[in-house]
Every structure is written in structure tokens, then in C-alpha cells.
Amino acid sequence: MRTATVSRNTSETQISVSINLDGKGIGKFDTGVPFLEHMLDQICRHGMIDMDITCKGDLHIDDHHTVEDIGITLGQALKQAIGDKVGIRRYGHSYVPLDEALSRVVLDLSGRPGLTYNVEYTRAVIGRFDVDLFSEFFHGLINHSMMTVHIDNLRGINAHHQAETIFKAFGRALRMAVEWDERMAGLTPSTKGTLTA
Ligand SMILES: [Mn+2]
């Protein structure tokens, strides 16, 4: 089982993240930001990753620090759980629709952080959630998990659908990338010989 537990404490947020890449897709969240939890749950279910995430953040200010720092801490946990990348696929991609919305996520567990984020939400808030924060979340996650990710929302009218297709596609792409590749057993999927240096 590829697991990791990471704690991160600042004056703005106190976070604990436990993940299992070889899980059953079960998410347990206590963060105070329900819409983010709904999105994290999509990564779990469609990535077949178990997550237990708690956060006590400065929500009296706004959701910003909580969302960004959960991204950072989840990124650190992913990096740790993915480990040396020997025998895995490394690359993953997925297209996910939800009614009128369609998103594509392509990722590479390259060891280098890089996010291309092409998403134009049709409204600024979903419920009480500021959609700007998704970019903060993914920047935090990608910078600390050291992966290259291209996120494109190709179309969509409903912002809840737009967001949900992005998170589902991210989950599925991640699942593909961390999957064991029988023919790659014992090998690093890079001619450089390492994906961690
Ligand atoms: Mn939904």
C-alpha cells in the first residue's frame, strides 16, 4: 500500500492529510469548506484514493488560506506516497463530461512542478465558494507534488459542473499515472534513470 501522512501547521492553518493511493476511493473530510470537500471527494472516488483530511483554518477571514494550504499539504502527501515511481505508468490523462461541461486533465509525474490552468468559470462563486481558489489549490498541490499538469475546461455553462469535471478528470488522470505497469516492473519510466532528482 502506498500511503503517506503529512501535518502542516502555520499561524493560518493546521492541517493533517493521510492518503492511500491503493485505496477504495473513500474520502473523510473535516475542513469547514464543504464545496472543497465535495471536490476532494471526486479525486478520491475517481482516483481510487483514500483520503482523510482535517483542517482548522482562519475561515473567519475567508477560505483562501485553508484551500491553498490543503493543496500544499495534499501535494506533499502525494509526493511521499508516490515515492520513487519505479514500475508505474508516470503519465495520465482523462476527459470527463458532466452534462454540458467537459474538462481534460493531462499529467506527468515528472518531478518538476508545472501547472497550465485554462479555466474560465461562468460565475465567480459557487454557493459560498470563490472559484478563484481552485487555481490556488492546484498551484499548491502541483508545486509540492512536483508534477506537470495541464488542466483545460473545454466547455461548460454551469460552474458547479465545470469544477466537478476538472476534479473528476484530475482523479482519473492521477489514477492512470500511479497505476502499476507490468511491463515497466522494476524500471523507471524515464531514460534519465530517475524521476526524483
Ligand atoms: Mn456536484
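The values are calculated or read from the model by the stated rules, or taken from the named source; none is laboratory data. Not measured: the values here are computed from a predicted model. Only protein heavy atoms, including side chains, enter the accessible area calculation; ligands, DNA and RNA are left aside. Shrake-Rupley method; radii C 1.70, N 1.55, O 1.52, S 1.80 Å.
Assorted remarks:
- Beta-bridge orientation, the range 3-184: approximately 80 percent antiparallel, per DSSP, counting only bridges with both partners inside.
- Computed with a 1.4 Å probe over protein heavy atoms only, the accessible surface of the chain comes to 47 Å² per residue.
- Helical contribution to [θ] at 222 nm, DSSP H n ≥ 4, -39,500 (n - 2.57), averaged over the chain, rounded to 500: -11500 deg cm²/dmol
- A convex hull fitted to the Cα coordinates of the chain yields 105 cubic angstrom per residue.
- Heavy-atom accessible surface of the range 3-184: percent carbon and sulfur, 1.4 Å: 48
- Residues of type aspartates and glutamates that residue 56 reaches as a straight line, Cα spacing below 19 Å, ignoring anything fewer than 8 places off in the same chain: 12, 30, 37, 41, 68, 69, 130, 136
- For residue 192, the lysines whose Cα comes closer than 20 Å to its Cα, not counting residues fewer than 8 places off in the same chain, are 79, 85.
- Spatially, the range 25-60 and the range 97-167 are offset by 16 Å when compared through their Cα centroids.
- Value of relative contact order over the chain, rounded to a whole percent, pairs C-alpha under 8 Å and six or more apart: 26
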